[in-house]
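The structure under discussion appears below in the form of C-alpha cells.
The values are calculated or read from the model by the stated rules, or taken from the named source; none is laboratory data. Just so we're clear, the structure is a prediction, and the values are computed from it rather than from any experiment. Please note: Cβ atoms are built from the backbone with ideal geometry, for glycine as well, and neighbour counts cover all protein chains shown. The area values use the complete protein model at the heavy-atom level, side chains included, leaving out ligands, DNA and RNA. Shrake-Rupley method; radii C 1.70, N 1.55, O 1.52, S 1.80 Å.
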Amino acid sequence: MTKVHQDIEAALSCVKNGHTLMVGGFGLIGAPLTLIDGLTKKDVAGLTVISNNLGEKGKGLGVLLSQKKIKKAIGSYFTSNREIGEFYQRGEIELELLPQGTLAESIRAGGAGIGGYYTKTGVGTDLAKGKEEREINGAAYIFEPAIRANVALIRAWKADTLGNLVYYKTARNFNPAMATAADVVIAEVDEIVEPGELSPEEIVTPHLFVDGIIKAKKILTKEGVKDYG
C-alpha cells in the first residue's frame, strides 16, 4: 500500500493544535522546507518544536516563528535567527536549550524506548539546574529524559512507495533519529521509486517508521529557498 500523499494538506492533516513536532535539519540543510511551508498555511497554533534551530529570519521554521505558531522550542542553536531573542524577551516563546549531542541522544533514547540517561555534559552549569545529579565511578552526571513527539517532519533524498528512506550526505543530520521518536512520521523527498529499486544497503530508515511521503516542492540553493525544479 502506497504511503505517498499528492497534496500537502493531506500530508499535514496529522498536525493538530498544541502538538509537539520534531523537525529535521541543521540550519536549513536537511530541513523539510515543503512541509514547513505547508504548516505556514495551516490553521494551527500552540506548537512545541524540537529542532536543532528555528531556521533563519523569513526562512524555514523562522516563518512559523513570525506567525506566532510556536509556543516553545527545544534545540541547540537559536542565534541563527535573531528574531528568537526578540520573541523571548517579549515572553512570546519559551526556549529550552540543550547541548547538541544531548539533543541528539535524547531523541535517540526516545526512539529506542529508553526513559533517559546520565551524562557529564552540562554538569556544573546553568543547564544542570533542577536536574537530578548522581555520582558514577567518582564523576558527576546529570539525568536527561528521553524526547518524543506527536509528529516528526523529516527530509530524505529518496523513498520507495513503502516508505524506505535514503539520505543525501550531511542532509542526513537529525532526520533518521527523529524518524524513530514520533507517533507519526512524514517524510519529504526528492525522488519516489517503486519497491525493490533501492538497495537494502543504502536504506537508513526502514519503512515501518514512516507513515507518509510527499514529493519536495521547495529546495535549498546557494541563492536561498526556491521552488523545486
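Of the residues that sit in the range 36-49 and are farther than 26 Å from residue 169 by Cβ and out of contact with any His (no Cβ under 9 Å at 6 or more places or on another chain), which one is least open to solvent (accessible area, probe 1.4 Å)?
Checking each candidate, the answer is 40.
A quick yes/no check of all residues on (1) in contact with a Leu (Cβ under 7 Å, 6 or more places away or on another chain); (2) surrounded by fewer than 19 Cβ atoms within 10 Å (Cβ to Cβ):
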| residue | (1), (2) |
| --- | --- |
| 10 | no, yes |
| 25 | no, no |
| 51 | yes, no |
| 65 | yes, no |
| 75 | yes, no |
| 85 | no, yes |
| 113 | no, yes |
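Within the range 121-162, restricting attention to residues that are within 22 Å of residue 177 (Cβ to Cβ), more than 19 Å from the chain's Cα centre (by Cα) and of a type in the set (A, V, I, L, M), which residue is least open to solvent (accessible area, probe 1.4 Å)? Walk me through how you get there before you give the answer.
As a first pass, look at the range 121-162 and keep what is within 22 Å of residue 177 (Cβ to Cβ): 121-122, 127, 131, 141-160, 162.
This time we only want the ones that are more than 19 Å from the chain's Cα centre (by Cα), so: 121-122, 127, 131, 141-143, 160, 162.
Going one step further and asking which of them are of a type in the set (A, V, I, L, M), we end up with 127, 142, 162.
Values: 127: 61, 142: 1, 162: 60 Å².
The extreme case among them is 142.
Could you tell me whether the range 90-105 includes any residue that is over 20 Å from the mean Cα position of the chain (by Cα) and without any contact (Cβ under 8 Å) to a residue 12 or more places away in the chain?
Yes.
Among the residues of the range 192-202, write down those that are in contact (Cβ under 8 Å) with a residue 24 or more places away in the chain and open to solvent by 80 Å² or more (accessible area, probe 1.4 Å).
194, 197 - these are the residues of the range 192-202 that are in contact (Cβ under 8 Å) with a residue 24 or more places away in the chain and open to solvent by 80 Å² or more (accessible area, probe 1.4 Å).
Within the range 45-79, take every residue that is of a type outside the set (Lys, Arg) and over 16 Å from the mean Cα position of the chain (by Cα) and give me the one that is modelled with the lowest pLDDT.
Let us first name the residues in the range 45-79 that are of a type outside the set (Lys, Arg), namely 45-56, 58, 60-67, 70, 73-79.
Keeping just the survivors that are over 16 Å from the mean Cα position of the chain (by Cα) gives 45-46, 58, 66-67, 79.
Values: 45: 96, 46: 97, 58: 89, 66: 95, 67: 96, 79: 84.
It comes out as 79.
Quick check: anything in the range 203-226 polar (S, T, N, Q) and either in a loop (DSSP other than H, G, I, E, B) or open to solvent by 60 Å² or more (accessible area, probe 1.4 Å) (or both)?
The answer is no, given that none of the residues of the range 203-226 is polar (S, T, N, Q) and either in a loop (DSSP other than H, G, I, E, B) or open to solvent by 60 Å² or more (accessible area, probe 1.4 Å) (or both).
All but one of (1) in contact with a Gly (Cβ under 8 Å, 6 or more places away or on another chain); (2) open to solvent by 40 Å² or more (accessible area, probe 1.4 Å) hold for residue 33; which doesn't?
In the conditions (1) in contact with a Gly (Cβ under 8 Å, 6 or more places away or on another chain); (2) open to solvent by 40 Å² or more (accessible area, probe 1.4 Å), residue 33 misses (2) alone.
Give the range 147-163 a look and list any residue that's under 27 Å from residue 96 (Cα atoms) and of a type in the set (A, V, I, L, M), or say none.
If we filter the range 147-163 for residues that are under 27 Å from residue 96 (Cα atoms), which is where we start, we get 147-156.
Result: 147, 149, 151, 152, 153, 154, 156.
Output the qualifying pairs, or none if there are none: Cβ atoms under 8 angstrom, residues six or more apart or on different chains, first residue in the range 116-137 and under 19 Å from residue 104 (Cα atoms), second residue assigned to a loop (DSSP other than H, G, I, E, B) and of a type in the set (Gly, Ala, Ser).
Close Cβ pairs (under 8 Å, with a partner that is assigned to a loop (DSSP other than H, G, I, E, B) and of a type in the set (Gly, Ala, Ser)) amount to 116/146; 117/146; 128/122; 131/122.
Residue check: is residue 60 more than 22 Å from residue 130 (Cβ to Cβ) and surrounded by 14 or more Cβ atoms within 10 Å (Cβ to Cβ)?
Details: more than 22 Å from residue 130 (Cβ to Cβ): yes; surrounded by 14 or more Cβ atoms within 10 Å (Cβ to Cβ): yes.
Yes, satisfied.
Which one of the conditions (1) part of a loop (DSSP other than H, G, I, E, B); (2) open to solvent by less than 30 Å² (accessible area, probe 1.4 Å) does residue 176 fail to meet, given that it meets all the rest?
(1)
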